Every structure is written in C-alpha cells, then in structure tokens.
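The values are calculated or read from the model by the stated rules, or taken from the named source; none is laboratory data. No experiment lies behind these values; they were computed from the predicted model shown. Note that we place each Cβ from the backbone using ideal geometry, even for glycine, and neighbour counts take in every protein chain shown. The accessibility values were calculated without ligands, DNA or RNA, using every heavy atom of the protein model including side chains. Shrake-Rupley method; radii C 1.70, N 1.55, O 1.52, S 1.80 Å.
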Amino acid sequence: MHENIAGGIDRKFFTDKEKMQTWVKARISELDQGRIEELIVALKGMSSTINKGEELIQREIDYLDKNKERMRYSEFRKQGLF
C-alpha cells in the first residue's frame, strides 16, 4: 500500500504538489499507526470526488478492507513483533 499511496494514487489525483504531499503523509501515518478504517474513509472520500481512477481506488479499498487485521502495525510494534 505504501507504494500505491506514494507512487500511484497521489500523482493521478493531485495537481498541487503540496496538497498531494500533505495527503500522502496523512495516509501513510494512518497506515503506520494501524488506523486502516480511517485510511479507507479517506480513499472513499477521494473516490466520491473524482471519476478518473475510480477502479484503482476501489482496488486499494478492497485490499485494505480484506487485510486490515494484518495491518495493525502499531499493535504489532507494541508486542515487539517488529
């Protein structure tokens, strides 16, 4: 997911580089903190405002929803797993 946030979704949907960087940092923070539901909400919000790339966004949402319990990175860090 990091790769898609930083390399695919952002460039397709943002023309303002500063806004793009702010959005990407917030999403990566959510991912790193295991706040997957918030990340999904942000992606859904983006999907509702644009038509282009909707398939890409939906694919990411589906992936996150399916794998969210495996992506609770902050919990794994607390347990010393990484």
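Of all residues in segment 1-43 being touching a Phe, Trp or Tyr at 6+ places or on another chain (Cβ under 8 Å) and modelled with pLDDT under 65, which is least open to solvent (accessible area, probe 1.4 Å)? Within segment 1-43, the match that is least open to solvent (accessible area, probe 1.4 Å) is D10.
Screening N67 with (1) modelled with pLDDT under 85; (2) in a helix (DSSP H, G or I) gives one miss only, at (1).
Selection within segment 46-64: residues that are at pLDDT 85 or above and either open to solvent by less than 40 Å² (accessible area, probe 1.4 Å) or in contact with a helix residue (DSSP H, G or I) (Cβ under 6 Å, 6 or more places away or on another chain) (or both). The member of this set that is farthest from T15 (Cα to Cα) is L64.
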